[in-house]
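In what follows, a structure is listed as structure tokens, so that the remarks can point back to it.
The values are calculated or read from the model by the stated rules, or taken from the named source; none is laboratory data. All of these numbers come straight from a predicted model, not from anything done at the bench. Cβ: placed from backbone, ideal geometry, glycine included. Neighbour counts: every protein chain shown. Ligands, DNA and RNA are excluded from the accessible area calculation, which covers all protein heavy atoms including side chains. Shrake-Rupley method; radii C 1.70, N 1.55, O 1.52, S 1.80 Å.
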Amino acid sequence: MKDFQQQVQKAIRLIPVQIGLLALFFCIYHLSLKYIMRETGLDLGAVGYNKHVVPLYAQPSFDLSLWILPALVVCVGFLYLCHRYLLSDISDGRLIGIAIVCFIAINISVAQIDGYREIGAEGEKERILTLLEPYTRTGLEYYGDVPRVDELGIRRFLRDYSKPEVFDTLSGHTRTHPPGGVLFLWHVSGLFGYNLISASLVTILFTALTAIPIYRLAEMLYGKKVAHYALLLFLITPNFVMFTGTSMDGPFSVFPILSVYLFYVARQRETVPDQKWYEFRPYSLLTGLSLALGMFTTYSTVVVGVFLCVVALLERQRFVQYLKVLLFASSGFIGFYLLLFVLTGFRPIEALWAAIKKDEVGMGTGYESIGRYFHLSFANLFAFLIGIGLPITTVYLRQLVSTLREWRQNALASEQEIGAPRTPWIFRHENADTFVIGFLITLLFFTFSTLFTMEVERIWIFMVPFFVIPVAKHLTARPTSDLYWVAGILVTQLVVGEVLLYTYW
């Protein structure tokens with residue numbers, strides 16, 4: 001009996017088994033949430049139990065045709081390329097270049113698994129590639145407001161953005177976001193023409209740039225091997241792939257991710273104790289400018305800003321140096337909006353308030369009742385964890401447990417060296433992996449903040465580096481077979497998810 005129990009415990013520790021157990025948990029949660037919504041009338045904003053695979057903002061839709069073959073060839077070919085070449089000793093420039101090409105190929109081929117969609121009124125329907133279909137919803141998407149910028153001119157468009165005479169004429173997403181998305185597509189149309197193909201392809205090409213800061217950030221934090229693993233996993237992360245090719249949340253993720261990388265460069269180069277407070281800090285300033293550009297496209301960039309502050313608070317021994325970095329970053333952030341106000345008259349606070357009110361009309365506040373508050377909070381978290389991939393979530397939880405255990409052991413060891421502690425170990429962060437712990441604190445804060453009302457498997461895709469980098473770190477200490485298990489199951493979830501779900505984007 002004892003031998004049997006040991007065999008069971010050993011089996012449960014295997015990553016594929018843990019992924020299966022997590023899938024079972026989410027399946028039970030899906031059925032339970034659907035039952036609760038049907039029986040109690042629970043309102044989860046845009047997600048409805050009668051048509052969506054709760055907690056995901058996606059409809060069940062079986063789309064299987066020969067269009068799946070290019071995606072399978074590309075994804076399997078990518079895994080083979082990693083095995084034979086990308087995980088070996090290859091120059092950074094060549095690796096990133098190949099990764100960007102793979103990113104484009106994976107995104108386009110997976111988006112095209114659904115083949116064609118019919119759009120238009122009855123009797124006037126036309127077939128269009130699924131890669132292009134989301135931007136045809138001009139009443140909802142930023143693409144539909146590009147002619148409005150042409151009509152008003154960029155200066156007047158920004159000056160009157162939050163005024164009813166302009167704001168009320170814009171598409172749904174433009175009214176719940178800053179104007180950066182519309183202006184991005186307006187510039188694209190100016191360069192390549194106002195058409196669906198250029199809008200979609202430039203969306204993918206611009207988002208592919210995220211491969212650079214993700215690789216550099218992972219390398220800076222944990223070394224080259226972790227960076228290789230992180231880049232591989234990033235390119236096949238389900239929600240990033242499924243939403244990048246057909247959603248503006250792909251381009252929106254570029255500057256928030258870049259901000260994190262620039263902050264860690266500033267952390268490395270501009271937090272030396274003997275540096276004067278008035279000395280110029282270019283990377284800190286660039287961090288603030290990148291955050292401003294991110295906030296100009298999506299208000300979700302606030303998550304990154306909070307994360308940077310949390311890291312500064314956790315690393316208390318260098319808090320003064322961090323404070324100087326954050327002050328320079330703040331000056332870059334504020335300076336961008338001051339300059340924008342002077343040049344165009346754009347009022348960011350008025351635009352934010354108008355967006356909040358517009359969103360609350362459709363989604364509610366999130367705190368109408370205790371029950372709705374907790375259901376929304378957990379549904380947000382679980383929707384994102386499902387979207388980011390069951391294998392990534394499984395290994396991330398393993399790494400999180402390992403990090404917290406190491407944090408506790410280091411804190412207790414430090415207490416024994418200096419005598420009786422002044423604070424409990426949980427508040428001692430001197431030897432903690434603040435990248436992991438800082439993001440955990442940030443994620444929990446925004447999970448229970450009511451600032452987001454579902455659809456976060458798409459809206460939060462800029463958080464992907466906070467998962468794939470710790471996961472890569474964990475896998476580098478494991479047998480290589482674990483990496484291929486994780487990568488293989490990720491590709492399976494990606495392809496099967498695209499076949500079985502209609503995600504609107």
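Just a few scattered comments:
- Residue within region 46-59 that is in contact (Cβ under 8 Å) with a residue 12 or more places away in the chain and charged (D, E, K, R) present: no
- Subset of region 33-45 [in contact with a Phe, Trp or Tyr (Cβ under 7 Å, 6 or more places away or on another chain) and open to solvent by 30 Å² or more (accessible area, probe 1.4 Å)]: K34, R38
- Selection count where residues are open to solvent by less than 10 Å² (accessible area, probe 1.4 Å) and within 25 Å of the chain's Cα centre (by Cα), scope region 97-129: 6
- Among residues of region 376-392, those that are surrounded by fewer than 20 Cβ atoms within 10 Å (Cβ to Cβ) and more than 16 Å from the chain's Cα centre (by Cα), counted: 2
- Test: residue in region 359-376 that is basic (K, R), assigned to a helix (DSSP H, G or I), farther than 30 Å from Y29 by Cα and at pLDDT below 95: no
- Just one of the numbered conditions (1) in a helix (DSSP H, G or I); (2) in contact (Cβ under 8 Å) with a residue 40 or more places away in the chain; (3) of a type in the set (F, W, Y) is not true of Y194: (1).
- Filter pass, G245 being among the small types (G, A, S) and open to solvent by 10 Å² or more (accessible area, probe 1.4 Å): no
- Scanning region 118-169 for residues that are β-branched (V, I, T) and either touching an Asp or Glu at 6+ places or on another chain (Cβ under 9 Å) or more than 29 Å from F346 (Cβ to Cβ) (or both) yields I119, I128, T130, T138, V166, T169.
- Members of region 67-90 found to be at pLDDT below 95, surrounded by fewer than 12 Cβ atoms within 10 Å (Cβ to Cβ) and not aromatic (F, W, Y), listed by number: R84, S88, D89
- Within region 473-490, residues that are open to solvent by 80 Å² or more (accessible area, probe 1.4 Å) reach partners that are assigned to a helix (DSSP H, G or I) with beta carbons closer than 7 Å, at six or more positions or on different chains, in the pairs W485/I15; W485/P16.
- Residue ID - modelled with the highest pLDDT, chosen from residues in region 202-225 that are open to solvent by 10 Å² or more (accessible area, probe 1.4 Å) and β-branched (V, I, T): I212
- Test result for Q5, open to solvent by 100 Å² or more (accessible area, probe 1.4 Å), over 26 Å from the mean Cα position of the chain (by Cα) and either modelled with pLDDT under 95 or closer than 21 Å to G366 by Cβ (or both): no
- Residue match in region 46-66 (condition: on the phi > 0 side of the Ramachandran plot and open to solvent by less than 30 Å² (accessible area, probe 1.4 Å)): no
- G93 free of Cβ contacts under 8 Å to residues at least 40 places away in the same chain and either open to solvent by less than 20 Å² (accessible area, probe 1.4 Å) or out of contact with any helix residue (DSSP H, G or I) (no Cβ under 9 Å at 6 or more places or on another chain) (or both): yes
- When residues of region 75-96 are limited to those that are of a type in the set (A, V, I, L, M, F, W, C) and closer than 16 Å to A227 by Cα, the one farthest from the chain's Cα centre (by Cα): I90
- Tally, over region 74-90, of residues that are free of Cβ contacts under 8 Å to residues at least 24 places away in the same chain and assigned to a helix (DSSP H, G or I): 5
- As for region 256-266, it holds at least one residue that is crowded, with 24+ Cβ neighbours inside 10 Å and modelled with pLDDT under 95.
- Residue tally, condition outside any loop (DSSP other than H, G, I, E, B) and under 17 Å from T176 (Cα atoms), over region 136-147: 5
- Within region 145-159, tally of residues that are in contact (Cβ under 8 Å) with a residue 12 or more places away in the chain and either surrounded by fewer than 19 Cβ atoms within 10 Å (Cβ to Cβ) or farther than 19 Å from Y135 by Cβ (or both): 9
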